[in-house]
Amino acid sequence: LAFWPAFVVPGVPVFNMALVALGVPAALLFAMGWLARQDSRQSFRALGMALSVFAVVVTYALLIVEIRQAWHASSPTLQGDMPQSEFYAYSAVTLVYGLLLLGGGFVFQHRGARALSFIFVLAATLKVFLIDAAELQGLWRVLSFLLMGLAFLGISWAYARFVFGIGVRKPASDPPPPGA
């Protein structure tokens, strides 16, 4: 695959130079984004949001490089053929990353993380639906489309209810005072 440069990533998968080259900057970007969002000035808050989004992208790039190195650990560089299992691993990691962002958005009550998770979950499901399923034949393809349809229904329900608040009852307002 011509996409991958002829870089050598020293170390074993997970504990390697990619963790230093991408993981440390991502952590610093998250920290700087959080600090900038605490400022009352609107320009700093916007900068903080941009830094946080960039940190999410850098973290995702780290995950992609880690997958590539895991499948090509014996290769001197990241270049080489892509086995089907590696191709599916990218879909799985993208989906898991989106779900982790969704969970983090709930835990920290951060709407931006929940919205970003939608992008990753949507990208993973589209890749699985349009590209990964194209390799399947016969009954496997039918079963795959059935299960993906059910997954799409579940994902759309979860996002509509928990991310965008559709179908959630609003808290009842205070009752009117007596005699009003």
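If you average the sequence gap of Cα pairs under 8 Å that are 6 or more apart and divide by the length of region 26-136, what percent do you get for the contact order? All intermediate terms of the calculation are to be shown ahead of the outcome.
On the way: 92 pairs, mean separation 18.9, N = 111.
That works out to 17 percent.
Rounded to two decimals, what ratio of Rg to Rh does region 75-142 give with C-alpha atoms and a Kirkwood Rh?
1.12
Using label points projected 7 Å from each Cα along Cα→Cβ, tell me how many nm separate residue 126 and residue 21, to one decimal.
For residue 126 paired with residue 21, the spin-label model returns 2.8 nm.
Using Cα atoms only, what is the angle between the long axis of helix 42-71 and the major principal axis of the chain, expressed in degrees (0 to 90) to the nearest 10?
Once rounded, the angle reads 30 degrees.
Over region 109-152, with a single point scatterer placed on each C-alpha, what log10 of the ratio I(q)/I(0) does the Debye formula yield at q = 0.14, 0.17, 0.21 1/Å?
Summing over Cα pairs of region 109-152 leads to -0.41, -0.53, -0.69.
Please calculate how many Å² of accessible area region 17-94 carries per residue, with a 1.4 Å probe and no DNA, RNA or ligand atoms counted. Show your work: numbers first, answer last.
Numbers: 4290 Å² over 78 residues.
Computed with neighbouring chains in place, this is 55 Å² per residue.
Tally up the carbon and sulfur contribution to the accessible surface of the chain as a whole percent, 1.4 Å probe, everything protein left in place. Could the numbers behind the result be given before it?
Details: 8780 of 11750 Å².
Carbon plus sulfur share of accessible area: 75 percent.
Scattering from the C-alpha atoms of region 29-131 alone, worked out with Debye: what is log10 I(q)/I(0) at q = 0.10 1/Å?
After summing over all Cα pairs, the log10 values are -0.36.
Could you give the length gained on full extension between residue 164 and residue 50, defined as 0.36 nm per residue of separation minus the Cα-Cα distance, in nm?
Details: separation 114, 0.36 × 114 = 41.04 nm, distance 2.12 nm.
Residue separation times 0.36 nm, minus the Cα-Cα distance, leaves 38.9 nm.
Under a point spin-label approximation (7 Å from Cα along Cα-to-Cβ), what is the residue 39-residue 150 distance to one decimal in nm?
Rounded to a tenth, the inter-label distance reads 5.0 nm.
Using only protein heavy atoms and a 1.4 Å probe, report how much of residue 41 is accessible, in Å² to the nearest 10.
Estimated to the nearest 10 Å², residue 41 gives 130 Å².
Write down the Å³ per residue value for the convex hull defined by the alpha carbon atoms of region 1-68. All intermediate terms of the calculation are to be shown ahead of the outcome.
Numbers: hull volume 5.3 nm³, N = 68.
Dividing the Cα hull volume of region 1-68 by its residues yields 79 Å³.
Nearest 500 deg cm²/dmol is fine: what mean residue ellipticity at 222 nm does the chain get from its DSSP H runs of n ≥ 4 alone, each adding -39,500 (n - 2.57), divided by its residue count?
Numbers: 5 runs with 109 residues, N = 180.
Helices in the chain give a 222 nm mean residue ellipticity of -21000 deg cm²/dmol.
On average over all directions, what projected area in square nanometres does the chain have, based on the convex hull of its Cα atoms?
On the way: hull surface 62.8 nm².
That works out to 15.7 nm², a quarter of the Cα hull's surface.
The values are calculated or read from the model by the stated rules, or taken from the named source; none is laboratory data. Keep in mind it's a predicted model, so treat the numbers as computed, not measured. Ideal geometry is used to build each Cβ from the backbone, glycine not excepted, and the neighbour counts take in all protein chains shown. To get the accessible areas, we keep the full protein, side chains included, count just its heavy atoms, and leave off ligands, DNA and RNA. Shrake-Rupley method; radii C 1.70, N 1.55, O 1.52, S 1.80 Å.
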